[in-house]
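The values are calculated or read from the model by the stated rules, or taken from the named source; none is laboratory data. If you're wondering where the values come from, they're calculated on a predicted model, not measured in any experiment. Note: accessible area is taken over every heavy atom of the protein model, side chains too, but ligands, DNA and RNA are not part of it. Shrake-Rupley method; radii C 1.70, N 1.55, O 1.52, S 1.80 Å.
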Amino acid sequence: MSVLRPQDQLPGLNVATILLVGTDDALLQQLAESMLREDCASTLKVHLAQSLPLPSNVNRPRIDLIVFVVNLHSKYSLQNVEESLHHVDATFFLGKVGFLATGAGQDNHCSIHRNTVLRLAHTYRSPLFFCDLEVEGFRATMAQRLVRMLQICAGHVPGMSALNLLSLMRSSENPFLEDV
């Protein structure tokens, strides 16, 4: 089993690469397309994976940001993300990992409680976003946020780093998360 490390590859010049990990291929593809439509000074590369570890490939680019997508309507989705997390090096959790919970708009159909995903993100000290990816407007807004976060994680925003971003996002969190 190979562990994904942030410094495995050299960074590309003005290239930012995100890895979206989740079981819902159609939603991931739509999110990737929305991200690629965003105006960005960097060259964006979006890779999709159903789970980790990734196949060993020497031509794989450096991954600047990993977003684990959990579908709240599928327990398999959460299980898949939890198993994939074991294949990520701890240094990635210094601001280069995020969680995205989708399907929160339809509470009556959820198989996974929101607090479960909150605890997961809190355990890994990573940001958590809630977004209904099936709604185009929400998906476009999330794509904008992820592109901006990706630019910071790739080092393309002067004076800002992934760790700075994580620190800013943590300081704006609600204090009740310690009790969850």
For this session: Let me know the shape class of segment 59-160, please: from the alpha-carbon gyration tensor, a ≥ b ≥ c as square roots of the eigenvalues, rounded when a/c is under 1.5, otherwise prolate if a/b is greater than b/c, or oblate.
Result: oblate
For this session: Please work out which option in (1) 11.7; (2) 11.1; (3) 10.2 gives mean projected area of the Cα convex hull in nm² calculated from these coordinates, and answer with its label.
Result: (3)
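Quick check: at a probe of 1.4 Å, how many percent of the accessible area of segment 16-76 sits on carbon and sulfur atoms? It would help to have the intermediate numbers written out before the result.
Numbers: 1320 of 2810 Å².
For segment 16-76, the apolar C and S fraction of the accessible surface comes to 47 percent.
Of all beta bridges DSSP finds with both residues in the chain, what is the antiparallel percent, to the nearest 5?
0
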For this session: Name the residues whose placed amide hydrogens come within less than 5 Å of the amide hydrogen of Ala101, ignoring near sequence neighbours (fewer than 5 apart) on the same chain.
Result: Val70, Phe129, Phe130, Cys131
Exercise. By how many nm would the segment from Arg145 to Leu10 lengthen if fully extended, with 0.36 nm per residue of separation less the alpha-carbon distance?
Worked result: 46.1 nm
For this session: Quick one: accessible surface of Val81, probe radius 1.4 Å, all protein chains present, in square angstrom to the nearest 10.
Result: 0
Exercise. Can you give me the relative contact order of the chain as a percent, contacts being Cα pairs under 8 Å and 6 or more apart?
Worked result: 25
Seminar exercise, completed: Asserting the computed 222 nm helical MRE of the chain (DSSP H runs at least 4 long, -39500 (n - 2.57) per run, divided by residue count, to nearest 500) equals -10500 deg cm²/dmol
Exercise. For segment 1-47, with every protein chain kept in place, what is the accessible area per residue (1.4 Å probe, Å²)?
Worked result: 56
